[in-house]
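The values are calculated or read from the model by the stated rules, or taken from the named source; none is laboratory data. As the structure is a computational prediction, the values presented were derived from the model and not from experiment. In this analysis, Cβ positions are derived from the backbone assuming ideal geometry, glycine residues included, and neighbour counts consider all displayed protein chains. To get the accessible areas, we keep the full protein, side chains included, count just its heavy atoms, and leave off ligands, DNA and RNA. Shrake-Rupley method; radii C 1.70, N 1.55, O 1.52, S 1.80 Å.
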Amino acid sequence: MGHWMSVPVLLPLLTAIILLLVARMGPGVERGLSLLSMLALLVVSAVLLQSSMDGEYQVYAFGNWVAPFGIVLVLDRLSALMVLLTTVLALFAVIYAFNGIDQKGRHFHVLFHMQLMGLNGAFLTGDLFNLFVCFEILLIASYGLLLHGGGPLRSRAGLHYVILNLAGSALFLIAVGVIYGMLGTLNMADLAVKTAMATPEQQRLVHISALLLMVVFGLKAALLPLYFWLPGAYAAASAPVAALFAIMTKVGVYSIMRVFLLVFGVEAGALANLAEPWLLPLGLITLALGAFGVLAARCLRNQVAYLVVVSVGTLIAAVGLMTVESVSAALYYLVHSTLITGALFLLADAIAEQRGAVGSELRPAALVSQPVLLASLFFIAAIAVVGLPPLSGFIGKLLLLTSASGTEVMVWFWAVLLVASFLALIAMSRSGSAIFFKTDAAAVASHTHMHPVALFAILALTASSLVLALYADSLTSFANDTAAQLIDPLNYIHGVLGPDAMLSTTDMAMMEARP
Amino acid sequence: MTLLLIILIPLLGTLLAPAAAVRGRMGAAVMAGALTATALALLFTLAPRVFGGETIVVSWAWMADLGLYFSLRLDGLGLLFALLILGIGLLVILYAAYYLSPKDSMPKFFSYMMLFMGAMLGVVLSENLILLLMFWELTSLSSFLLVSYWRHRADARQGARMALAVTGGGGLCLLAGILLLGEIVGSYELSVVLVSAELIQSHDLYTPALILILLGAFTKSAQFPFHFWLPHAMAAPTPVSAYLHSATMVKAGVFLLARLHPALAGSDLWFYLVTGAGLTTLVFAAYVALFKHDLKGLLAYSTISHLGLITLLFGFGTPLAAVAGVFHIINHATFKASLFMAAGIIDHEAGTRDMRRLNGLFKYMPYTALLAMVAAASMAGVPLLNGFLSKEMFFVETLHLQRFGDWAWLIPVLATVAGIFAVGYSLRFIHDVFFNGEPKDLPQIPHEPPRWMKVPVEILVVLCLLVGMLPAFTVGPLLATAAGGVLQAPLPEYSLAIWHGFNTALMMSIIALIGGGLFYLLRHKLFDLHGRLLPNEFGAKQIFDILVKAVVDLSRAITRLLENGSLQRYMALLVGSAIVVGVYAALQHGAMSFDMSASSMPVNAVSVTASIALIVAALATVLFHRHRLPTLLMLGVVGLFVSLAFVYFSAPDLALTQLSVEVVTIILLLLALHFLPQESQPESSSARRLRDALLAGTAGLGIAALTWAILTAPFETLSGYYLEQSVPGGGGKNVVNVILVDFRGFDTFGEITVLAIAAIGIHALLYNLFVNPNPAGPHGWATSRPPLLLSVICRPLLPLALLVALYLMLRGHNAPGGGFIAGLVAGVALVMQYLASGLDWTNARMKIDYFKVIAAGLAIALATGVASWFFAHPFMTTTFTHVHWPVVGEFEVASAMVFDLGVFLTVVGITMLILAELGKLSGAVKQGGGR
């Protein structure tokens, strides 16, 4: 794919630079540029996904320094999928912001594109330290975005967010430092090779730092016991930012998948499957506690934030099963949950806009000024997010349940997932009832109508759930291929370092057995 | 294809019905009726084939890997239900068109109605079990909408939520059950599942699968103890009750029992669970129905009781019982739908449904009364009506049951008791409402309803009579076909006659009729007794409400406990997590040993002194952390000693970087201190401080141990390659710089981007910020008068410092220096001007848009990278050459140096932007705050 691979990282940066230079030319120019860039990015991402489908790994070496010496971008099915998903979500989030939210503070679009750069970089990079750099980019950009619009609530939530994440970054740096100190390399494929060959003395420290990385990714993903920062931060963020943040937790999930299926995956010898004892139980407990949070919420934004926690728990639990089926189901669910929670954040904002001072709090207020439209959208989005038929949430749940079928933990997995769905169902029916049914006739009704761009963004993201369900077959077949590619680290290692990079452990054992 | 249309046409109505409403109030109803009639006509075109014994199956692939097909099936059972759904649906639409008042939204009602109809048709016409489940859940959802139709009423909202919770929860159980069933059989297609009874019933998973599936069926069909939602769903408009809660949706549960009868029925587990639930529900609900004063309440419990009867019949597991079950489904649908409609008419015309007030309506609405009485008589099981026939078959079946052994007599006895109750409540319905004196203070004088509102009731009542008197001619073929569809096997012998001679079953009927009559005569005494025994109506609703409240309260308690908003707590968890996993991993690899002897550097006075200073400064930072200024100073000391350490270990680049970063950050932090409040937060409790100290101490020791382990381990890295390639490949002798701008230039690029974002973020953050001016503090530093000496020294220093920066940058590729360090040096020099000469003075002389500087810096870096594309090389591929300049001599030009220029500009821009932002803030404070 040549230079195209670097476009998802470089184009947002270029856009941000230009936006910075034309900042004084008014919102029209800003929005036009932002949208144009996003559409171009959409095309490029789609082409990249198309090109990833043949299963070949494409490597882009910055500065022409080949792996493992320089920094490489690696395009495989997973990274292409994540980049496209990010772009789609970001496109609609930014379109929603055209309703005026983008002008409520400075440099919204600049930060937004910087954030995209960080996200896409994180998904594409094949270098552990560069992943850290991308984490920094998206952390700082997201901090700026989180504060967009101002207000004490945002400042407080933002402070928690940034301090925790900076601590996480420090931990990341320590872990990467230790890994480099032990294995002497940063390229992920090379790390996988070196991990498999680590001496017993090295194994201990690599093991420690691997688990420290898990803590860092768990913090990003919002996994128990590190998710408590999320509801406050996401509920405080302005709507398009919260919608974009729907992908932020998935960066953590992605990193866990990438690092713990590749570097510490099945081929890692003594350090194989390091994350296995942790992910499933933590995921399930996160899922359960997240569901309680959904039910406990007194405010719709907060509720959606907890739905994000639920989705993370589900994903991590599924990844924790570490089979092709479960990872494939997780990928489908990842796409679904990202888009639908994004839609819900936007929708919650649109609803709050029409409820006056009560906002998105779940108590009686005046009826929204567009009840049929908003209630229908809420109904559909709620069905999707709870996982009722016929939308993508149901298909995702079906895939998850069947992927756990026959495993030792099946009963737990099914029970937690289904009970959580039940709690979410109760919670969403209560919320819908509180917002659209139990209205306060005495309250002053608002007469504002949703901005057409906002409606378009919500419609598109909600409709994605139906599309995901209708084309579930092709999507799952792609997800299956992706999971199959992901679960065997040799694919990646050979793809990046060439076919001679490492023989599988069984091959090595055979070679040692020979005289 | 026709089959698909039968489902799709009503579903389309969800949108078409409201769309048609623009053509007047009746538009939605007409459209709904027309679509329903069309679907019914289509069904008729297929009916002959089904009567001929054919099972029509059509299938489209959806997710073949998962076994999910969009496959539909029309056999006898499906046909019967589709007829009920469409036929009664049509009548209900007609009825509803007149029932709804002008205040009620017609488009909304018919939209929901069509959604439900399509979903229900989907349930009964699905061949794939997952597809069936999908439609099943859709019926729950559409029922939620219909029950909550009068959204302003609290009982409607609560009823709708309860119905959704119970049936939706049941749906989740059903999903699990179906998936298990698929696991056993290897397919979700009914054609396969229905012929795999042996395989299923001998499988280990049969028990959980059956229990889960039955939970689904029982919740939907309101079987004890899940019955409670149905009476509360009666808050829905009466057409909805007539349609969903008597004729169709609640029948989905018994439909499922019938549908899976060939595959699941026959085992002991099936028998005990299904008959147990059915029998309990039959008797219990009939009893409760007796004491209901609300017309619809009575009908609701009667419905539950009849559903119990049908469930009980399917529980018997015998072919004849299944036939009886199917027959009762048909009969119950006809008489109960007409009764609901009659109740709706009474409510509509009299303004109340309370039987204590509704009396003697016969003389106000004799025609309606007649219709209602016939239907109620059918419900009671009076001969010559259809209800009698199926009840008779039911009584016969109860007598032939062997399974209960010595207790076999119990079932016919209980069945008779339920029969007595049924006669009792039916009599009450008739006598209380239409006779029994005069009405008591009704809101309005009742009269006959509009003509067309009665038509649906008439049609249903005529059906009750026809079936009751001429069963073999009317319902015979349909019953045979439907029962064949249930059994998927040849039908047993049965006779559809009114008269089977004097037998036990007839005796049971007679006992029921006489007992019911006696009961009604004694009703006042029984009401008193019931009132004394169970003074407060103890409903499952209370339990449900308590449960829901308990779960919500528990959720809130858990959530409050966990997400308490304390940053300290979250940090403690983060550090704690790191410690836990670190210790866990450390213990996984045998005993640990620290090689204390290994040390590559000799210990001498300098290193010891510096180390001690470092430790003391770090400790002091912690101890003084409540006093900001000393803390910052101590932090500066730590930084300086780290720089010195770098020098000591021969890392001049790192030392320079560390030093300049230290200077800039400390200065900026000092300036920012000005805006922080003087008072500090209250001290944490000592327990918490102990906890934090322990966590921090452990984490610190852990890091120290890690560092020690790395430093003493044999080290083999990529560094060799970098040292080797620095000059030939990167064109620079300073490996550190070549790594930064070339080998790993992309990281540097990323990091300057981070800095740029931070500066932009600070600008965005401070843009609208109002900072409380510090009352105790001095003037804002930006406008305060700087010391003269400082400004005198600083001004001439500026060009010198800039020159040094330029020098550092240019030589960076080959000797310690580089764009980053140079940028910081220049930044410090400029910062000094602000400090030395004041904000206004400096601003007047530096009219630079720092955003443009930052953008230019990033753009230069980006452009250097992209330039290599034009030489067909990847981003940031560098090149270099040597040129001979006069005076300077041999000089190396590397493209990486242009990149370094970008780094330089970005860093300068960022430093200045942050400073300027703080300065502006300071100015704002001086002017009395806030913009």
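Please go through the stretch A:387-411 and pick out each residue that is over 20 Å from residue B:66 (Cβ atoms) and part of a helix (DSSP H, G or I).
The one that is over 20 Å from residue B:66 (Cβ atoms) and part of a helix (DSSP H, G or I): A:411.
Looking only at the stretch A:308-331, which residues are open to solvent by 10 Å² or more (accessible area, probe 1.4 Å) and closer than 17 Å to residue A:221 by Cα?
Correct list: A:310 only.
Can you tell me how many residues within the stretch B:42-74 are open to solvent by 50 Å² or more (accessible area, probe 1.4 Å) and over 30 Å from residue A:392 (Cα atoms)?
Number satisfying all stated conditions: 9.
Of all residues in the stretch A:194-226 being over 15 Å from residue A:282 (Cβ atoms) and among the charged types (D, E, K, R), which is farthest from the chain's Cα centre (by Cα)?
A:201
Could you please give the count of residues in the stretch B:333-354 that are assigned to a helix (DSSP H, G or I) and out of contact with any Pro (no Cβ under 9 Å at 6 or more places or on another chain)? Walk me through how you get there before you give the answer.
Start the filter on the stretch B:333-354 by keeping residues that are assigned to a helix (DSSP H, G or I), which leaves B:333-350.
Now narrow it down to the ones that are out of contact with any Pro (no Cβ under 9 Å at 6 or more places or on another chain): B:333-336, B:339, B:342-343, B:347.
Going through the stretch B:333-354 one residue at a time, the tally reaches 8.
Check residue A:151 against each of (1) surrounded by fewer than 24 Cβ atoms within 10 Å (Cβ to Cβ); (2) under 24 Å from residue A:229 (Cβ atoms); (3) touching a His at 6+ places or on another chain (Cβ under 9 Å) and name the one condition it does not meet.
The failed condition is (3).
Quick test of your reading of the structure: residue B:864 fulfils all but one of (1) within 25 Å of residue B:666 (Cβ to Cβ); (2) assigned to a helix (DSSP H, G or I); (3) open to solvent by 20 Å² or more (accessible area, probe 1.4 Å). Name the failing condition by number.
Status for residue B:864: all satisfied but (1).
Name the residues in the stretch B:396-438 that are out of contact with any helix residue (DSSP H, G or I) (no Cβ under 6 Å at 6 or more places or on another chain), part of a helix (DSSP H, G or I) and acidic (Asp, Glu), would you?
Residues satisfying the conditions are B:406, B:432.
Between B:844, B:896, which is surrounded by 21 or more Cβ atoms within 10 Å (Cβ to Cβ) and over 23 Å from residue A:21 (Cβ atoms)?
Of B:844, B:896, the one residue that is surrounded by 21 or more Cβ atoms within 10 Å (Cβ to Cβ) and over 23 Å from residue A:21 (Cβ atoms) is B:896.
Given the structure, is residue B:852 basic (Lys, Arg) and within 14 Å of chain A (Cβ to nearest Cβ)?
Judged against the criteria, residue B:852 is a match.
Evaluate the stretch B:548-563: report whether one residue or more is open to solvent by less than 90 Å² (accessible area, probe 1.4 Å) and not in a helix (DSSP H, G or I).
Yes: one or more hits.
So which residues in the stretch A:381-390 are more than 10 Å from chain B (Cβ to nearest Cβ) and open to solvent by 20 Å² or more (accessible area, probe 1.4 Å), if there are any at all?
The answer is A:385, and nothing else.
In this structure, is residue B:303 part of a helix (DSSP H, G or I), free of Cβ contacts under 8 Å to residues at least 60 places away in the same chain and not acidic (Asp, Glu)?
No: the conditions fail for residue B:303.
Let me confirm something: among A:420, A:415, A:375, A:427, which residue is within 11 Å of chain B (Cβ to nearest Cβ), surrounded by fewer than 24 Cβ atoms within 10 Å (Cβ to Cβ) and under 25 Å from residue A:332 (Cβ atoms)?
Answer to the selection: A:415.
Given the conditions (1) in a helix (DSSP H, G or I); (2) within 24 Å of the chain's Cα centre (by Cα), and given that residue A:431 satisfies all but one, which numbered condition is not satisfied?
Failed condition: (2).
Does the stretch B:95-140 hold any residues that are without any contact (Cβ under 8 Å) to a residue 60 or more places away in the chain and in a loop (DSSP other than H, G, I, E, B), and which are they?
B:101, B:103, B:105
Among the residues of the stretch A:242-298, which ones are under 18 Å from the mean Cα position of the chain (by Cα) and not in a helix (DSSP H, G or I)?
Matches in the stretch A:242-298: A:246, A:247.
Confirm whether residue A:208 is within 8 Å of another protein chain (Cβ to nearest Cβ), more than 30 Å from residue A:271 (Cβ to Cβ), aliphatic (A, V, I, L, M) and open to solvent by 10 Å² or more (accessible area, probe 1.4 Å). Walk me through it before giving the result.
Numbers: within 8 Å of another protein chain (Cβ to nearest Cβ): yes; more than 30 Å from residue A:271 (Cβ to Cβ): no; aliphatic (A, V, I, L, M): yes; open to solvent by 10 Å² or more (accessible area, probe 1.4 Å): yes.
Taking the combined requirement at face value, the residue does not satisfy it.
Considering each of B:643, B:685 in turn, give the residue that is surrounded by fewer than 16 Cβ atoms within 10 Å (Cβ to Cβ) and small (Gly, Ala, Ser).
After applying the criteria, what remains is B:685.
Does residue A:456 qualify as being in a helix (DSSP H, G or I), among the aromatic types (Phe, Trp, Tyr) and at the interface with chain B (Cβ under 10 Å from one of its Cβ atoms)?
In short, no.
Please determine whether any residue of the stretch B:822-829 is surrounded by 23 or more Cβ atoms within 10 Å (Cβ to Cβ), more than 10 Å from chain A (Cβ to nearest Cβ), out of contact with any Cys (no Cβ under 8 Å at 6 or more places or on another chain) and over 18 Å from residue B:752 (Cβ atoms).
no
Quick one: in the stretch B:149-185, of everything that is small (Gly, Ala, Ser) and free of Cβ contacts under 8 Å to residues at least 40 places away in the same chain, which residue is nearest to residue A:438 (Cα to Cα)?
Only one residue fits best here, namely B:154.
Out of the residues in the stretch B:157-216 meeting the condition of being outside any helix (DSSP H, G or I), more than 11 Å from chain A (Cβ to nearest Cβ) and not small (Gly, Ala, Ser), tell me which one is most open to solvent (accessible area, probe 1.4 Å).
The first filter runs over the stretch B:157-216 and keeps only residues outside any helix (DSSP H, G or I), leaving B:186-189, B:194-196, B:202-205.
Adding the requirement that they be more than 11 Å from chain A (Cβ to nearest Cβ) leaves B:186-187, B:189, B:194-196, B:202-204.
Of the ones still in play, those that are also not small (Gly, Ala, Ser) are B:189, B:194-195, B:203-204.
Working: B:189: 30, B:194: 14, B:195: 121, B:203: 68, B:204: 137 Å².
Taking the candidates together, the pick is B:204.
Mind checking whether some residue in the stretch B:475-491 is modelled with pLDDT under 90, open to solvent by 70 Å² or more (accessible area, probe 1.4 Å) and in a loop (DSSP other than H, G, I, E, B)?
For the stretch B:475-491, residues modelled with pLDDT under 90, open to solvent by 70 Å² or more (accessible area, probe 1.4 Å) and in a loop (DSSP other than H, G, I, E, B): present.
Scan the stretch B:246-284 residue by residue and report those that are under 30 Å from residue B:114 (Cα atoms) and in a helix (DSSP H, G or I).
Residues satisfying the conditions are B:246, B:247, B:251, B:252, B:253, B:254, B:255, B:256, B:257, B:258, B:259, B:261.
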